[in-house]
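Report on the following structure.
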Number of protein chains: 2
Amino acid sequence: MKIPKEHPRAESLRVREKLLKNYKMGVVAHAGLIAHGRGEAFDYLLGEETTKPTLEAIEAAAAALLTAKHPVISVNGNAAALVASDIVKLSEVTGARIEVNLFYRSAKREKTIERVLREAGATKVLGIGEDASARIQELGSERRRVDPKGLLIADAVLVPLEDGDRTEALVRVGKKVIAIDLNPLSRTAQLATVTIVDNIVRAIPTLAKIAKRLRTEDQEKLKEIASEFDNKRNLGEAIALINRRLSELAEKGTYISLLEMTKK
Amino acid sequence: MKIPKEHPRAESLRVREKLLKNYKMGVVAHAGLIAHGRGEAFDYLLGEETTKPTLEAIEAAAAALLTAKHPVISVNGNAAALVASDIVKLSEVTGARIEVNLFYRSAKREKTIERVLREAGATKVLGIGEDASARIQELGSERRRVDPKGLLIADAVLVPLEDGDRTEALVRVGKKVIAIDLNPLSRTAQLATVTIVDNIVRAIPTLAKIAKRLRTEDQEKLKEIASEFDNKRNLGEAIALINRRLSELAEKGTYISLLEMTKK
């Protein structure tokens, strides 16, 4: 399908095409398509841009990854489909390892996702096949199978697009969880240590860029940035922002899209 | 996948399973899965219930269908997947014809959807194969092919889950458009004659019930109900409602889901 450049939702449609292409390749699961739709709705409400409070969350996330002993980026189908090369960059900048961890696990799907990551430049991908030989029982489902060199020993985990149960379990076993979730009301958003309320297609490249800038700071300074971050307050600001945008619209009442309002 | 009864999102998960089953049958398109996700997000914000302003919209929609000369229910993949038997009931109560009209059209998919509707009790399904012999050029894409006994001559069309371009085209050729759309900000919602901001799994059965009650009213009374309805004001109320729910949450700030708030 050709998307006209001037289409008001061109970028959003391009992302969707990329996701569908990866769905056909076996990277993205059915559930990943539905989850993407949910994300689109919240992204629309947020104005499809990285907001100021979100930039603060991204800074805290970068600091948390840079001060961790064993940072890990947990990759699922949608993340590999949409931001594989940015994940590789982020891994290089922060030293975080890349581990594939899927809800709908199959040997074939794992291998396909590994290939996508390697083609994007990853030299090492954890959690594939027999490598996922350790268990974190709390995680439940097939996700409990983790790599002893990765998620098992990780002290900080970046989870783009995560379900609430897994986030809760990761926090319970004592890991710092950095979540990327467009819904500031989700269980994942509320339970994570740091929640980045943003679309992964913007959040991961921005996180890599900010991490690159921060990595020359000394560890004490970075620990301060991470510990001073208040996730609940930050989420409150994201909710308030959606709220203000809706207020303006409800007052005007008639046909004006939120996006048009943002551009003014 | 077994869904535990006490799961807070059990109903929503059951609907999702039904959609996936129909996706595998070829009824639902990829895009339908993403669209469903978007709907889920807005439904969550609305509290997953039919609100008071929405009930007014449903009443106006019933009146519009009952006073039309040639009412038609336009059916796409998601609608057939989720509410086939309710569509049949609504058709029986209002005398509206059922026509299949797809963005991703194929002979096989049309036939599959026809079968789903017939198994749900439909005795006549328009728009299948050669029956879609007329054209409404304004509709664009494969959707322009319509049935001369249905959409071509329709004066009122119910479109569950419609895209903005098609809604605009239907209005432009002079038809009354009754849309069901969970996003009160969408172009479809803003352009339709009557917009029902609700999940189709609740809206269609409720519409059938209200139409059954109203059909004994005299035509003048029904025309009054339809003409007095103010769609823009009604949409404003839906937006304000989401807004109030978010305000409450932003104030409380911490981990309380919108759904839990509703139940209080």
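The values are calculated or read from the model by the stated rules, or taken from the named source; none is laboratory data. Quick caveat, the model's predicted, so the values are computed rather than measured. Here Cβ is always computed from backbone atoms with ideal geometry, including for glycine, and neighbour counts include all displayed protein chains.
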In the stretch A:76-110, which residue that is closer than 18 Å to A:Leu19 by Cα and free of Cβ contacts under 8 Å to residues at least 40 places away in the same chain is nearest to the chain's Cα centre (by Cα)? A:Ala84
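One line per residue, one yes/no per condition, for (1) among the aromatic types (Phe, Trp, Tyr); (2) within 14 Å of another protein chain (Cβ to nearest Cβ); (3) in a loop (DSSP other than H, G, I, E, B):
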position	(1), (2), (3)
A:Thr195	no, yes, no
A:Asp198	no, no, yes
A:Ile204	no, no, no
A:Arg213	no, no, no
A:Ile225	no, no, no
A:Lys232	no, yes, no
A:Leu235	no, yes, no
A:Leu241	no, yes, no
A:Arg245	no, yes, no
Those residues of the stretch A:66-80 which are more than 13 Å from every other protein chain (Cβ to nearest Cβ) and of a type outside the set (Ser, Thr, Tyr) amount to A:Leu66, A:Ala68, A:Lys69, A:His70, A:Pro71, A:Val72, A:Ile73, A:Val75, A:Asn76, A:Gly77, A:Ala79, A:Ala80
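Quick check, is A:Ala57 part of a helix (DSSP H, G or I), over 30 Å from A:Glu228 (Cβ atoms) and in contact (Cβ under 8 Å) with a residue 12 or more places away in the chain? Give the derivation first.
Details: part of a helix (DSSP H, G or I): yes; over 30 Å from A:Glu228 (Cβ atoms): no; in contact (Cβ under 8 Å) with a residue 12 or more places away in the chain: yes.
Here the answer is no, as A:Ala57 does not meet what is asked.
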Matching entry among A:Glu237, A:Glu228, A:Glu248 (being at pLDDT 95 or above and not basic (Lys, Arg)): A:Glu228
Conditions (1) under 17 Å from the mean Cα position of the chain (by Cα); (2) surrounded by fewer than 20 Cβ atoms within 10 Å (Cβ to Cβ); number of the one not met by B:Lys149: (1)
Quick one: would you say B:Ala211 is within 11 Å of B:Ala61 (Cβ to Cβ), buried (at least 23 other Cβ atoms within 10 Å of the Cβ) and free of Cβ contacts under 8 Å to residues at least 60 places away in the same chain? no
Picking from B:Glu49, B:Glu56, which residue would you name as being closer than 20 Å to B:Leu158 by Cβ, away from chain A (no Cβ under 14 Å) and either touching a Phe, Trp or Tyr at 6+ places or on another chain (Cβ under 7 Å) or surrounded by fewer than 23 Cβ atoms within 10 Å (Cβ to Cβ) (or both)? B:Glu56
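In this structure, is B:Ala63 away from chain A (no Cβ under 14 Å), of a type in the set (A, V, I, L, M), surrounded by 22 or more Cβ atoms within 10 Å (Cβ to Cβ) and more than 15 Å from the chain's Cα centre (by Cα)? Quick ask: steps written out before the conclusion?
Values: away from chain A (no Cβ under 14 Å): yes; of a type in the set (A, V, I, L, M): yes; surrounded by 22 or more Cβ atoms within 10 Å (Cβ to Cβ): yes; more than 15 Å from the chain's Cα centre (by Cα): yes.
Here the answer is yes, as B:Ala63 does meet what is asked.
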Going by the conditions given, is B:Val28 within 13 Å of chain A (Cβ to nearest Cβ), at pLDDT 90 or above and surrounded by 24 or more Cβ atoms within 10 Å (Cβ to Cβ)? yes
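Could you check the stretch A:136-190 and list, in sequence order, the residues that are of a type in the set (Ser, Thr, Tyr) and not in a helix (DSSP H, G or I)?
The first filter runs over the stretch A:136-190 and keeps only residues of a type in the set (Ser, Thr, Tyr), leaving A:141, A:167, A:186, A:188.
The answer is A:Ser186, and nothing else.
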Within the stretch A:77-126, the residues that are among the aliphatic types (A, V, I, L, M), farther than 14 Å from A:Leu158 by Cβ and not in a helix (DSSP H, G or I) are A:Leu102, A:Ala120, A:Ala122, A:Val125
Might you check whether a residue that is closer than 19 Å to B:Thr67 by Cβ, of a type outside the set (A, V, I, L, M) and without any contact (Cβ under 8 Å) to a residue 24 or more places away in the chain occurs anywhere in the stretch B:144-156? no
Provide a single number: the residues in the stretch B:9-23 that are among the polar types (S, T, N, Q) and either touching a helix residue (DSSP H, G or I) at 6+ places or on another chain (Cβ under 6 Å) or facing chain A (nearest Cβ under 10 Å) (or both). 1
Look at B:Glu40 and say whether it is touching a Lys or Arg at 6+ places or on another chain (Cβ under 9 Å), buried (at least 18 other Cβ atoms within 10 Å of the Cβ) and acidic (Asp, Glu). yes
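Residues A:Val177, A:Val171: which one is under 20 Å from the mean Cα position of the chain (by Cα) and farther than 21 Å from A:Pro205 by Cα? Full working, then the answer.
Working: A:Val177 fails: farther than 21 Å from A:Pro205 by Cα.
One residue alone meets the criteria, A:Val171.
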Subset of the stretch B:43-54 [touching a Ser or Thr at 6+ places or on another chain (Cβ under 9 Å) and assigned to a helix (DSSP H, G or I)]: B:Asp43, B:Tyr44, B:Leu46, B:Thr54
Just to be sure I understand, how many residues within the stretch B:155-190 are crowded, with 24+ Cβ neighbours inside 10 Å, within 17 Å of B:Arg135 (Cβ to Cβ) and of a type in the set (Val, Ile, Thr)? 1
Conditions (1) in contact with a strand residue (DSSP E or B) (Cβ under 7 Å, 6 or more places away or on another chain); (2) away from every other protein chain (no Cβ under 14 Å): number failed by A:Thr167: (2)
